[in-house]
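A quick write-up on the structure given underneath.
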Amino acid sequence: MPDPAISLSSSPLAGRRVVSTRPIAQSTALGEALRANGAEPLQFPLIRIVPAEDLSKLDEGLLQLRPGDWIVFTSQNALSPVAERLQSLRTKNPAVAQDIQIAAIGSTTERVARDAGFTVQRVAKSDGGVALAKALREQIANRRILIPRSDLADDAMPEILREFGAEVLEAVVYRTEPSREFAPQLNAALDSNSVDAIVCFSPSAVHSLFENVGAERLRRVQQKIVFAAIGATTASAFTEIGIAKPLIAANTTPAGIIDTLRARFAHFQSHIEPASAGAKRI
C-alpha cells in the first residue's frame, strides 16, 4: 500500500493554503477534498444567506404548477424554503405540484434536493443556468418552470427558457448579503503572504471580496495568488474588480474544483513555493 505521506507530499496542492469564501456550512466537502490533497483550507465566508421575508410569490408559483411542469434549483439554498412551503400547501391540497419534474445545477444541489425528498430528473454538472436551460430545450415547450432564486440572480437563464417556449415563474426565496466578519483575518493572511488561492463561487462573493480587501491590496497580491472562479459569470465578476486572468472551474463539485487547482499549481509547482512554507500562520 502506498505511503499516504509520500503521495500527499508529491501533490501539486501540498502545503497550499486555499481560501473558501462561501458560508462555512457549505464548505465542508471542499475542505475535506483539499486536506486529502495535502492543502490547508481557510474558511473566510464573504457572504451570508438570509431567508426571504415574503414567500407569497413562491406559493403562487407552486400552486400554478401542473403535472409535467418543472422546478429548477440553481442553488442548494433554495431547497429548504421550497420544501417547507410545499409541505405546508399540501396540508390543504395534496395535489399541489404533484408529478412535476426537478432539475438541479451541480451535484451538491442534486444531493440536497434528493435529501429533501425530490426526485431529480436532470442535473447540470457544470456551473451556470444557461447550460441547463439549453439541456432542457426539448422538454420545456409550453411547460411552466418555477425558478426559486436569490435576489441577485441574473435573467440569463429565464430569458433562454422563455425563448424555448416555457412559461417562467420566478420567486425570490433567499437573499445574499456581503459579510465583513472575516475581513481582518483575510487581510492579515494576504498581508503575510499566507494565501495561495482564493475560490469564489458567485459574483456576489467576488464583489464582497473587493469590499473586504480593497483595490490596492488586490492589485498588490494578484501576481502571487490564484483567483479561482466557479463558472464564467463569476470569472467575469473577477475581471470587473481588476483580476485580469482568473482561473475558471466549470465543474462545481469539490472534485472538479480540486482538479482545476491541481492543474494550475502543477504548472508552476517547481518554482513557486507554497505560502505555508515561509509565511506566518494565523
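The values are calculated or read from the model by the stated rules, or taken from the named source; none is laboratory data. This structure is a prediction, so every number in the text was calculated from the model and none was measured. Here the Cβ is made from the backbone with ideal geometry for all residues, glycine too, and neighbour counts use every protein chain on show. SASA here: full protein model, heavy atoms, side chains in, ligands and nucleic acids out. Shrake-Rupley method; radii C 1.70, N 1.55, O 1.52, S 1.80 Å.
Here are the numbers:
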| read-out | value |
| --- | --- |
| Verdict on Ala113 being within 13 Å of Thr252 (Cα to Cα), of a type in the set (Gly, Ala, Ser), without any contact (Cβ under 8 Å) to a residue 60 or more places away in the chain and in contact with a strand residue (DSSP E or B) (Cβ under 6 Å, 6 or more places away or on another chain) | no |
| Index of the failed condition, Glu60 passing every other in (1) open to solvent by less than 50 Å² (accessible area, probe 1.4 Å); (2) more than 20 Å from the chain's Cα centre (by Cα) | (1) |
| Selection count, the stretch 229-261, where residues are among the acidic types (Asp, Glu) and closer than 24 Å to Arg217 by Cα | 1 |
| Any hit, the stretch 131-138, residues being within 30 Å of Leu13 (Cα to Cα) and in contact with a strand residue (DSSP E or B) (Cβ under 6 Å, 6 or more places away or on another chain) | yes |
| Residues that are crowded, with 16+ Cβ neighbours inside 10 Å, charged (D, E, K, R) and either in a helix (DSSP H, G or I) or touching a helix residue (DSSP H, G or I) at 6+ places or on another chain (Cβ under 6 Å) (or both), drawn from the stretch 17-39 | Arg17 |
| Single residue of the stretch 147-170 satisfying the filter (closer than 18 Å to Ala97 by Cβ and either in contact with a Gly (Cβ under 6 Å, 6 or more places away or on another chain) or charged (D, E, K, R) (or both)) that is surrounded by the fewest Cβ atoms within 10 Å (Cβ to Cβ) | Glu167 |
| Among the candidates Arg175, Arg144, residue that is of a type in the set (Lys, Arg), more than 20 Å from the chain's Cα centre (by Cα), open to solvent by 50 Å² or more (accessible area, probe 1.4 Å) and more than 22 Å from Gly242 (Cα to Cα) | Arg144 |
| Scope the stretch 129-141; condition in a loop (DSSP other than H, G, I, E, B) and open to solvent by 20 Å² or more (accessible area, probe 1.4 Å); matching residues | Ala141 |
| Test: residue in the stretch 73-89 that is in a loop (DSSP other than H, G, I, E, B) and over 30 Å from Asp259 (Cβ atoms) | no |
| Top-ranked residue of the stretch 213-246 - restricted to ones that are within 22 Å of Arg16 (Cα to Cα) and polar (S, T, N, Q), ranked as surrounded by the fewest Cβ atoms within 10 Å (Cβ to Cβ) | Gln223 |
| Lone unmet requirement of (1) under 12 Å from the mean Cα position of the chain (by Cα); (2) surrounded by fewer than 23 Cβ atoms within 10 Å (Cβ to Cβ); (3) modelled with pLDDT of 95 or more for Gln43 | (1) |
